[in-house]
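This report refers to the structure that appears directly beneath it.
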Ligand SMILES: Cc1ncc(COP(=O)(O)O)c(C=O)c1O
């Protein structure tokens, strides 16, 4: 089995420019817990993309970043309205419920996206002492199924959040892929749409580890974040090594380059399957760095032996193929050739173009 597969962008290694930045930061003693020049420069790099009001806090991982951001803004009798497949709801071992103490109101959504109507339907029991109080909406951008909210869709969610005084939280583990997909910028995506707080992913986009909690504009929860971060065990003592990675990621738009490349590899993989659509259909449009094919059952295990990947929905035979900053066109073509061979042995393999 080749080293590069399609299981997760988390499975990818570290971009060489990130590793170089870590090595370059590795000289002498510097102050800990963020009181260092790398942290200052990385924060400034985020402000250059978002505006002077933005505040940034670095954390170790995505689960922690989501939870401490929400914990900073919410009280334990409040609820977060989110799609039912939200990482926060299904892949974080109830960290939110345990640590922040609130409730997740999960919503069945179409195409991975929460809508203002979904939010309105879950505004219930406001002011009633027997009911959990809606406190936030949380979405993933890009979504858990590789789709991307448009700026208009985000603005509409921002408006409904303001209307009901809800925090608008974005799990941006793959935010870079969404920005690259829309060809927009961070300010348009986060500031102009009314996002209150976003976790900006580094790990899936070429970093070794590290996520940034970003408040695009001033928000009262900023003051609590330093405390929830420490209490939530997300404060790195050797912060310079997280910050140096972010500094390198934001420098010369490496974050966009990596994300755009991963997106392009997903589009290429989907394009190779276009003439196979009587055998392999796509469950969701390919808008970021993921492809969700519905596979013939007989093809699943043999294909998993070619390149590793996870099944997203075993009842409907939907697989999840993720591409990453280091996926090559050759990886895509080798895998796509195998899909043709294994899923549709009666057909001749469509030319790969390489
Ligand atoms: C949408 C989303 N949010 C957050 C995370 C962060 O997870 P972790 O705590 O593993 O860094 C992931 C990782 O898979 C993710 O897919």
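The values are calculated or read from the model by the stated rules, or taken from the named source; none is laboratory data. Bear in mind that the values here come from a model prediction, so they are computed numbers and not experimental data. Here Cβ is always computed from backbone atoms with ideal geometry, including for glycine, and neighbour counts include all displayed protein chains.
Yes or no: residue 202 within 12 Å of the ligand (Cβ to nearest atom) and closer than 16 Å to residue 45 by Cα?
Yes; evaluated as a whole, the condition is true for this residue.
Within segment 210-242, restricting attention to residues that are in contact with a strand residue (DSSP E or B) (Cβ under 7 Å, 6 or more places away or on another chain), in a helix (DSSP H, G or I) and within 26 Å of residue 157 (Cα to Cα), which residue is farthest from the ligand (Cβ to nearest atom)?
222
Among the residues of segment 32-43, are any modelled with pLDDT of 95 or more, under 24 Å from residue 324 (Cβ atoms) and assigned to a helix (DSSP H, G or I)?
Among the residues of segment 32-43, at least one is modelled with pLDDT of 95 or more, under 24 Å from residue 324 (Cβ atoms) and assigned to a helix (DSSP H, G or I), which makes the answer yes.
Determine whether residue 116 is at pLDDT 95 or above, more than 24 Å from residue 312 (Cα to Cα) and surrounded by 13 or more Cβ atoms within 10 Å (Cβ to Cβ).
yes
Yes or no: residue 75 more than 30 Å from residue 248 (Cα to Cα) and either in contact (Cβ under 8 Å) with a residue 60 or more places away in the chain or under 20 Å from the mean Cα position of the chain (by Cα) (or both)?
yes
Tell me, yes or no, whether segment 10-24 has at least one residue that is within 16 Å of the ligand (Cβ to nearest atom), closer than 19 Å to residue 141 by Cβ, modelled with pLDDT of 95 or more and crowded, with 22+ Cβ neighbours inside 10 Å.
No, because not a single residue in segment 10-24 is within 16 Å of the ligand (Cβ to nearest atom), closer than 19 Å to residue 141 by Cβ, modelled with pLDDT of 95 or more and crowded, with 22+ Cβ neighbours inside 10 Å.
Okay, residues lined up against (1) in the same structural domain as residue 80 (by TED's automatic domain parsing); (2) over 21 Å from residue 84 (Cβ atoms); (3) within 16 Å of the ligand (Cβ to nearest atom):
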residue: 135; (1), (2), (3): yes, no, no
residue: 140; (1), (2), (3): yes, no, yes
residue: 143; (1), (2), (3): yes, no, yes
residue: 153; (1), (2), (3): yes, no, no
residue: 181; (1), (2), (3): yes, yes, yes
residue: 191; (1), (2), (3): yes, yes, no
residue: 208; (1), (2), (3): yes, yes, yes
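Taking segment 70-86 as the region of interest, how many residues are in contact with a helix residue (DSSP H, G or I) (Cβ under 7 Å, 6 or more places away or on another chain) and within 16 Å of the ligand (Cβ to nearest atom)?
The total comes to 4.
So residue 111 clears everything in (1) modelled with pLDDT under 95; (2) closer than 22 Å to residue 50 by Cβ except one condition, right? Which one?
Answer for residue 111: the failing condition is (2).
List pairs: first residue in segment 125-144 and within 11 Å of residue 168 (Cβ to Cβ) and touching a residue at least 60 places away in the same chain (Cβ under 8 Å), second residue part of a loop (DSSP other than H, G, I, E, B) and within 16 Å of the ligand (Cβ to nearest atom) anywhere in the structure, Cβ distance under 8 angstrom, at least six positions apart or on different chains.
Short answer, once both residue conditions are applied: 138/86.
How about segment 283-301: which of its residues are out of contact with any strand residue (DSSP E or B) (no Cβ under 6 Å at 6 or more places or on another chain) and either surrounded by fewer than 16 Cβ atoms within 10 Å (Cβ to Cβ) or in a strand (DSSP E or B) (or both)?
Of everything in segment 283-301, those that are out of contact with any strand residue (DSSP E or B) (no Cβ under 6 Å at 6 or more places or on another chain) and either surrounded by fewer than 16 Cβ atoms within 10 Å (Cβ to Cβ) or in a strand (DSSP E or B) (or both) turn out to be 285, 296, 297, 298, 301.
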